[in-house]
Every structure is written in structure tokens, then in C-alpha cells.
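The values are calculated or read from the model by the stated rules, or taken from the named source; none is laboratory data. Here the structure is a predicted model, which is why all the values come from computation and not from measurement. Cβ placement follows ideal geometry from the backbone for every residue including glycine, while neighbour counts extend to all protein chains displayed. Please note that ligands, DNA and RNA were not included when accessible areas were found on the heavy atoms of the full protein model with its side chains. Shrake-Rupley method; radii C 1.70, N 1.55, O 1.52, S 1.80 Å.
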Amino acid sequence: MSNEYENKDQGAVTDDERRVAEMLGSLKRVEAPGDFDARVRARIAQGRPSSSNPTWLPQWVRFAVPLALVAAVGGYFAIDRYSRTTVGTTNEIVRSESAQPSPAAQPPAVKTATAANTISPPTTEDENPTVAASRETATGRRQTAPKPGADTDPNGGGSFVEAVRPGKRLLPRGIDPNAPQPGRPGDFDPNAKIAVTEVLTVIGVRANYSGSKWTVESVVDHSAAGDAGIKPGDVIDTINDQKLSEKTAFNGSFTGRSIRVLRGGKPVVIDLIKK
Amino acid sequence: MAHGNIVSTDAEENQRTVPEERSSDHQLIEATKNGDENAFAEIVARYRNPLTNYLYRFLNDYEEAVDLAQETFVRVYFAIDRYHTQYAFSTYVYRIATNLAISELRRRKRRRLLSLTGLFQSDEDSEVEFQPTDPAALQDDQLADDERDRTIAKAIAALPEKYRVPIILRDIEGRSYDEVAEIMGLGLGTTKSRISRGRGLLREKLEHYF
């Protein structure tokens, strides 16, 4: 039988393929049972196909429902974990604020710690944040208990962001904190040379070098030189007994001790140390 | 696995759908649409054996094949208003039967996957448990033929779906290449390629019989 149609439209096939086709075509056929028609009519009489997939339920629902359930459960735990973390952080802050006693009502921290150790029964920190904070003080974990009269913020002070910010540098009054700051003392090179003009400027003298001599033009009021009595017109002869030239330089560790000037041709020695 | 009513291969009246029968199919469909129950009974009588045989070779399970063949006719009946006569009715019913059979196979796979005990049970219908029988060990000719048919049936059932469907339609049901391509919704070249590849796989599995 298979050869009949094999030659009709198959075209070129190998001998192996032809033998396989003939073998399959020679298989005995099965027939429907005798009650086939009756069973078909009975199923039709039931009114609808006995589909394993109800038509009212879309196919994608079978996959979407389990996925939605997994997502819901996973989302619940994720939100729960996140909320616990957030509440914990908030509790920490509230506990810190509660732990700060008011200046009038709270005794010093040491006394509170003693009371907590001797009187208070064991309790959780959530139940009594003040006691918990006091216990922390007693164990030395909290070292900055406010003293009576200290400047405390009634609205609660501090924040996490403020706490982790690097400390501000304390600068003398009048120093611009935004200006480039000088390095630390160790950053200076003690072997560096200091020109004579810089030394004179530091002690408050503005001098002009002409005629192979330094002549004072002006003196800053209330400066070291002004208070020592140096006056305009003085010719600076030596500083720390060192003769001055145009390019005289001092060591980095220079300390002004004395200065000798010629006033009206007469030498006058002025002691800078006294001033 | 059930082996149903094995009969001789002389049921030629249902082997192929010639153009005259197709037009007759369409007339029967129209009569069914107009409420003629006898017309639908004639359709069932015309296609019940080819469909049962096709599904039996596909699933290698007679009871399941009969059940799905009946289900095919039930679906045809309830969707008869949506049937378009631009396609041959035989293509239409084979396509429905193929989809039902593929769904059934996937349902079986899911059952095997979900069944914990299934991991330790031998499944006669398993596609991977094909073991050809040595024909030399069978002395009786009839017994040898029956055993050969069962071996071939197992080999067919062990084929991947994409090769099994066109092989059965073409070499067992005798459908033309064009009709097989229409039933599968594939191009003609792809269909021929799959049939050739399926025959090659069967040749490897059944080399004892060549």
C-alpha cells in the first residue's frame, strides 16, 4: 500500500526510507470499538467537550497564579524585613534621645548608673529605654552623658548623618575656614630659608633696601617692632647679631631675639625677646 | 498499554480523502449545521477508524486513542459553525486530533514529573525506554509478527513529536505531503525534511528488521 502513494508525490527517497515507509504501511490497523458512535452521542448530549482545560480559565492563569503567590509571599517577607530594619533604626534614635536626662530632673550619669545597677529589675530595652541607656552608661559604652546645665536641644538633637560627619576644625577667631589652611607644624621644612623681608614683615617693619642698607619706612602700630620702639628712618644694622645685606636669609627655625638699628648714626640695640 | 482491535489492512474506504469525498464531507457538514443528526453520524462513521488508528499509533494506547477520537468528534460538533470549507475536512479533524494527542502527551509528562513514585516505576509508555526485541528468538510466525508490530509501535512512540506526527500521517495514514504540511501548519519542505529524518531515526531503531 505504501508504494502506491510513495511513488505519487514523494520524489527521490533512499532505499532505507522506502523500506521504513513500507514497514509502517504494513502495520495492522486498529478500528474503533462498536459503541464508538453511541459514546460520541452521549458525550455530545452532555453538552460540552470534556476538556481538561476549562474554557473559562485562560491558559496563562495557570502560570500567573503560582507566580503571583510566590511574588506576594516574597514581597511580604521583603517588606517585613525592610520595615523591621527601619523601625529598629528609629528605635535606636528615640532611645538615644530618651537617654539624655533633662538638666533639672536628672542627676549626674554616674548616680543614674548606680541606681540602675542596684534598684531596677531586669527589663528589656524596649520596655524602658531610659534604663537601658543608663545601663549603657554604666558599662562605659556611653561616655558622653550630658551634665546638668549643659546646653541640650529640647526638640531632640543629633542625627545619624550629623554623627558620622567628620569633625570640624577649630580655628582661631578671624580665620576664614574656607580659605586654604596652613599645614601642620610638622609639614614645615626647618632647613628652608626665610628672606629678611619676611622677617621684617613679621615684626611689623616695612623697610627699603637702598644704598647697601635697610632703612625703615614705616612701622605697624602695636607690632613687635612698634612696641619695641623702632621708628621710621632707622637703619637696620643687624638682626640676632647678623649683618643684613639685600639677600640675607635666616634658617627656618629663626627666632627674633634682638635687632640693632642706627638712629641718627648711633647704634641702638632693641631686645625683641622682652617684648 | 492496550492493544485494541487489530484488523487487517483492507480498510481502504477511510484511507484517503479523495476530492469527491471532501465535497461530500462539506455537504455533510452543511447538513449537520442545519440540524441533520444523521449527517454528523455519517461523518463519525467515515473518520472514526482512521482517527482511532492515527491516535493509537501516536499514543501507543488504544483506550486513550479511542477516548481522544471521540473527543475530536465532540469538538467538531460543538465548533461546527466555525468550520470553514476552504480546508479539507480531513485536514481539520486530523489537526484537532493531533492537538489533543500532543496535549495528552504533555499531560503525561507532567504527571510523571509531579509523581514522586513515578521516579521508581517502570513506565511502558515512556518514550525513552525503547528496547527492540530480537526476532530470532521467536519461532512462531504469527507470534513473531505480533512482536514485530509491538516493537515498531514502541519505536514510533519513542520518536520526538515533531517527527512522529508526520511519519504516522504520511506512512501509516497515507496522507499526502501537502495535507501533512497543512495539518502540522508547516511548510512543505520542512514537512518532507521531518519525514525523512523520522524515517532515518526509525531505521536506526529497527535495524534488526532490515
Exercise for review: Report yes if B:R95 is open to solvent by 60 Å² or more (accessible area, probe 1.4 Å), facing chain A (nearest Cβ under 7 Å) and either assigned to a helix (DSSP H, G or I) or closer than 21 Å to B:A181 by Cα (or both), otherwise no.
Suggested key: no
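Going by what's in this entry, would B:R148 be described as farther than 18 Å from B:L51 by Cα, open to solvent by 50 Å² or more (accessible area, probe 1.4 Å) and at pLDDT 90 or above?
On the way: farther than 18 Å from B:L51 by Cα: yes; open to solvent by 50 Å² or more (accessible area, probe 1.4 Å): yes; at pLDDT 90 or above: no.
For B:R148, the condition - farther than 18 Å from B:L51 by Cα, open to solvent by 50 Å² or more (accessible area, probe 1.4 Å) and at pLDDT 90 or above - is not met.
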Study note, to complete from the structure: If we keep only residues of region A:24-41 that are over 24 Å from B:R150 (Cβ atoms) and facing another protein chain (nearest Cβ under 7 Å), then the residue most open to solvent (accessible area, probe 1.4 Å) is A:R39
Practice item. Could you look through region B:157-210, keep only residues that are closer than 17 Å to B:L55 by Cα and part of a loop (DSSP other than H, G, I, E, B), and pick out the one that is farthest from the other protein chains (Cβ to nearest Cβ)? Key: B:P160
